[in-house]
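Below is one structure, written out as structure tokens, with a few remarks after it.
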């Protein structure tokens, strides 16, 4: 499949996405499902485990992608979302290649580079390169077009592409990016609903934290808002979340809980996404 076809099917295909608008529509219930092999029996009714090798796969030559949730030609009715967390794509783009200019609307789009340099250009006039240690956010709102390319001709770029269903529609499109501090052995906030808070902000009651651990570390995490759930994605190494063992690229979601306990192994990285479990629109 070429890039043009991929972009078209990604925006209009599996899951009923149209220009970045969720198939969930106005439904109040958008809780993730597919409860598998949850170790702690007390969490069987409020937890979901997505092993790395159960994700959807796309290999277009220039793009290799793993989809935690339904996207493009990967469609699994039990893997549509986790609350308002609609897309979690783990992308590898070949040198000099990328996604041509394409539209989005009414979606909060977050990009987190893991390796290499990603060149972003959009219809708002932004042209920038983001790299490991940066976080980029784009509120698509009433409509925006952008492109994303590997800025290098000699190495791959790896990044996470995350879509969050917003709590406001038809907002003025906006763009922002930050460079993170190099904190270790803690969870650092990288995203929130508040413009004056730490990290980037989006139109949703969501909080993201990133942790890079050099030592085995146990950290408690308190859910930020009643009705939110927490989805932990292991970028590197291993972790234990509420007694559930997780390996690299596993995802584990918990809801109906006020607190969770995370033990990260030495030389590990975790992304913790605290999101509403019901869509407010």
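The values are calculated or read from the model by the stated rules, or taken from the named source; none is laboratory data. What you see is a predicted model, and the numbers here were worked out from it, not measured in a lab. For neighbour counting, all protein chains shown are included, and Cβ atoms are generated from backbone atoms with ideal geometry for every residue, glycine included.
Among (1) touching a strand residue (DSSP E or B) at 6+ places or on another chain (Cβ under 6 Å); (2) on the phi > 0 side of the Ramachandran plot, which single condition is residue 187 missing?
Failed condition: (2).
With respect to residue 253, is the statement that it is over 22 Å from residue 70 (Cα atoms), at pLDDT 95 or above and in contact with a strand residue (DSSP E or B) (Cβ under 6 Å, 6 or more places away or on another chain) true? Before you say what the answer is, go through the steps one by one.
Numbers: over 22 Å from residue 70 (Cα atoms): no; at pLDDT 95 or above: yes; in contact with a strand residue (DSSP E or B) (Cβ under 6 Å, 6 or more places away or on another chain): yes.
Judged against the criteria, residue 253 is not a match.
Say whether the condition of being closer than 21 Å to residue 160 by Cα and surrounded by fewer than 17 Cβ atoms within 10 Å (Cβ to Cβ) is met by at least one residue in region 261-271.
Residues of region 261-271 that are closer than 21 Å to residue 160 by Cα, as a first pass: 264, 267-271.
Filter again for surrounded by fewer than 17 Cβ atoms within 10 Å (Cβ to Cβ), leaving 267.
Checked against the condition, which is being closer than 21 Å to residue 160 by Cα and surrounded by fewer than 17 Cβ atoms within 10 Å (Cβ to Cβ), region 261-271 yields at least one hit.
Say we look at region 123-143 and pick out the residues that are over 23 Å from residue 167 (Cα atoms) and part of a strand (DSSP E or B); which of these is farthest from the chain's Cα centre (by Cα)?
Per the criteria, the residue is 127.
May I ask you to list the residues in region 229-250 that are under 19 Å from residue 189 (Cα atoms), in contact (Cβ under 8 Å) with a residue 24 or more places away in the chain and surrounded by 21 or more Cβ atoms within 10 Å (Cβ to Cβ)? I'd like the intermediate steps shown before the answer.
Filtering region 229-250 for residues under 19 Å from residue 189 (Cα atoms) gives 229-236, 239, 241.
After this cut, where a residue has to be in contact (Cβ under 8 Å) with a residue 24 or more places away in the chain as well, the list is 229-236, 239.
Of everything in region 229-250, those that are under 19 Å from residue 189 (Cα atoms), in contact (Cβ under 8 Å) with a residue 24 or more places away in the chain and surrounded by 21 or more Cβ atoms within 10 Å (Cβ to Cβ) turn out to be 229, 230, 231, 232, 233, 234, 239.
Looking at 157, 93, 87, 144, which one is under 22 Å from residue 195 (Cα atoms) and touching a residue at least 12 places away in the same chain (Cβ under 8 Å)?
Details: 157 fails: under 22 Å from residue 195 (Cα atoms); 93 fails: under 22 Å from residue 195 (Cα atoms); 87 fails: under 22 Å from residue 195 (Cα atoms).
Step by step, each of 157, 93, 87, 144 is checked, and only 144 is under 22 Å from residue 195 (Cα atoms) and touching a residue at least 12 places away in the same chain (Cβ under 8 Å).
Would you point out the residue of region 95-118, among those that are within 22 Å of residue 137 (Cβ to Cβ) and in a loop (DSSP other than H, G, I, E, B), that is nearest to the chain's Cα centre (by Cα)? Full working, then the answer.
Of all residues in region 95-118, those within 22 Å of residue 137 (Cβ to Cβ) come to 98-118.
Pick out the ones that are also in a loop (DSSP other than H, G, I, E, B) and you get 105-107, 116.
Values: 105: 17, 106: 16, 107: 12, 116: 18 Å.
Ranking the qualifying residues of region 95-118, first place goes to 107.
Could you check, for region 82-101, whether at least one of its residues is surrounded by fewer than 18 Cβ atoms within 10 Å (Cβ to Cβ) and in contact with a helix residue (DSSP H, G or I) (Cβ under 7 Å, 6 or more places away or on another chain)? Can you show your working first?
Of region 82-101, the ones surrounded by fewer than 18 Cβ atoms within 10 Å (Cβ to Cβ) are 94-97, 100-101.
Narrowing the set further to residues that are in contact with a helix residue (DSSP H, G or I) (Cβ under 7 Å, 6 or more places away or on another chain) leaves 100.
Yes, region 82-101 has at least one match.
Looking at region 29-38, is at least one residue under 14 Å from residue 165 (Cα atoms), at pLDDT below 95 and over 17 Å from the mean Cα position of the chain (by Cα)?
Yes.
Cβ contacts < 6 Å: first residue more than 16 Å from residue 251 (Cα to Cα), restricted to region 58-70; second residue at pLDDT 95 or above and surrounded by fewer than 19 Cβ atoms within 10 Å (Cβ to Cβ), any location; separation 6+ or different chain. Result?
Pairs found: 62/94; 62/97; 64/92.
What are the residues in region 108-123 that are touching a residue at least 60 places away in the same chain (Cβ under 8 Å) and buried (at least 20 other Cβ atoms within 10 Å of the Cβ), if any?
Step one: list which residues in region 108-123 are touching a residue at least 60 places away in the same chain (Cβ under 8 Å), which gives 108-110, 112, 114.
The answer is 108, 109, 110, 112.
Would a scan of region 224-231 turn up a residue that is under 16 Å from the mean Cα position of the chain (by Cα) and within 23 Å of residue 170 (Cα to Cα)?
The answer is no, given that none of the residues of region 224-231 is under 16 Å from the mean Cα position of the chain (by Cα) and within 23 Å of residue 170 (Cα to Cα).
Mind listing just one residue for me: the one in region 64-81 that is more than 23 Å from residue 206 (Cα to Cα) and in contact with a helix residue (DSSP H, G or I) (Cβ under 7 Å, 6 or more places away or on another chain) and, of those, surrounded by the most Cβ atoms within 10 Å (Cβ to Cβ)?
Among those residues, the one meeting the criterion is 72.
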